[in-house]
Amino acid sequence: MQLTSFTDYGLRALIYLATLPEGELASISKVTDIYSVSRNHMVKIINKLGQLGYVETVRGKNGGIRLGMPAEQIVIGDVVRAIEPLQIVNCSDDFCHITPACRLKGVLDTARSAFLAELDRHTLASMVTDNPPLRVLLDRPVV
């Protein structure tokens, strides 16, 4: 299973924001520079993460973005469910004529459930806590 770039960069943005000191704001430009992604794409991602409450946006001259909730409360599986289209195959009768007898759909549903169950075991905090190499790569002070 491959995540869309939207979800991939959404998770990466959250990881970066989780490395910020409490209360510090980052600019979208900083996040786009770190990951070499287009600003337009990142703006859409941050907007969606903001709508979901994962990111807080502060407007104005000294504005920016930061996590909208503690990293310990952000479950990776929840983020993926919220922004990733999780339909692995199209099993509608209009698209596939073997749907009534197909067993693959059940196998793929089981695999997707196992994938999400593993993601549910991890929080954003578990991605960044005690991870000095990550902080170096993100140009963040090692604490």
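The values are calculated or read from the model by the stated rules, or taken from the named source; none is laboratory data. As the structure is a computational prediction, the values presented were derived from the model and not from experiment. Every residue, glycine among them, receives a Cβ derived from its backbone with ideal geometry; neighbour counts consider all protein chains shown. For accessibility, only protein heavy atoms count, side chains too; no ligands or nucleic acids. Shrake-Rupley method; radii C 1.70, N 1.55, O 1.52, S 1.80 Å.
Search the structure for amide H atoms under 5 Å from the amide H of Leu67, placed 1.01 Å from N in the peptide plane, and list their residues when 5 or more places away or on another chain.
Amide H neighbours of Leu67, under 5 Å, 5+ apart: Glu56.
Under the rule of at least 5 residues apart or a separate chain, name every residue whose amide H is placed under 5 Å from the amide H of Thr123.
Counting only residues 5 or more places away or on other chains, the set is Ile76.
Roughly how far apart, in whole Å, are the Cα centres of region 1-66 and region 113-136?
Cα centroid to Cα centroid, the span is 17 Å.
Let me see the P(r) profile for region 70-143: every Cα-Cα distance counted, bins of 10 Å, each bin given as a percent of all pairs.
Spelled out per bin, shortest first, that is 17, 31, 25, 15, 10, 3.
With r defined as the distance between the Cβ atoms of Val43 and Asp139 and R0 fixed at 25 Å, what FRET efficiency is calculated, to the nearest 0.05?
So the FRET efficiency works out to roughly 0.70.
Once phi is turned into ³J(HN,Hα) by the Karplus curve 6.51 cos²θ - 1.76 cosθ + 1.60 with θ = phi - 60°, what whole-Hz value does each residue of region 29-45 show in order, with x for glycine and proline?
4, 5, 5, 5, 5, 4, 9, 6, 10, 5, 4, 4, 5, 5, 4, 5, 5
Over region 1-85, average the accessible area per residue using a 1.4 Å probe and give it in Å², no decimals.
Here the per-residue accessible area is 53 Å².
Which value at 222 nm does the chain reach when only helices count, each DSSP H run of 4 or more adding -39,500 (n - 2.57), with the total divided by all residues and rounded to the nearest 500 deg cm²/dmol?
Calculated at 222 nm, the ellipticity per residue is -14500 deg cm²/dmol.
Of the heavy-atom accessible surface of the chain (probe 1.4 angstrom), what whole percent is carbon and sulfur?
53 percent
At a threshold of 8 angstrom on Cα-Cα distance, excluding pairs fewer than six apart, so keeping six or more, what relative contact order does region 1-91 reach in percent?
Once normalised by length, the contact order is 34 percent.
Top to bottom by accessible area (1.4 Å), largest first, where do Arg103, Arg121 land?
Arg103, Arg121
Using the alpha-carbon atoms, what tilt in degrees (0 to 90, nearest 10) does helix 5-18 show relative to the longest principal axis of the chain?
Once rounded, one gets 30 degrees.
Spin-label point model (7 Å from Cα, Cβ direction): what's the Val58 to Leu25 distance in nm?
0.5 nm
What is the calculated FRET efficiency for Glu72 to Phe6, with r their C-beta to C-beta distance and R₀ = 30 Å, to the nearest 0.05?
It comes to 0.80.
Going by amide H atoms built from the backbone, whose H comes under 5 Å of the H on Cys96, apart from near neighbours?
Residues meeting the amide H criterion: none.
Apply the Karplus parameterisation 6.51 cos²θ - 1.76 cosθ + 1.60, with θ equal to phi minus 60°, to every residue of region 98-109 and state each ³J(HN,Hα) to the nearest whole Hz, in sequence, with x for glycine and proline.
9, 3, x, 10, 6, 9, 4, 3, x, 5, 5, 5
Taking 7 Å along the Cα-to-C-beta vector as the label spot, tell me the Arg81-Ser36 distance in nanometres, rounded to one decimal.
Each label point is offset 7 Å from its Cα along the Cβ direction, giving 3.5 nm.
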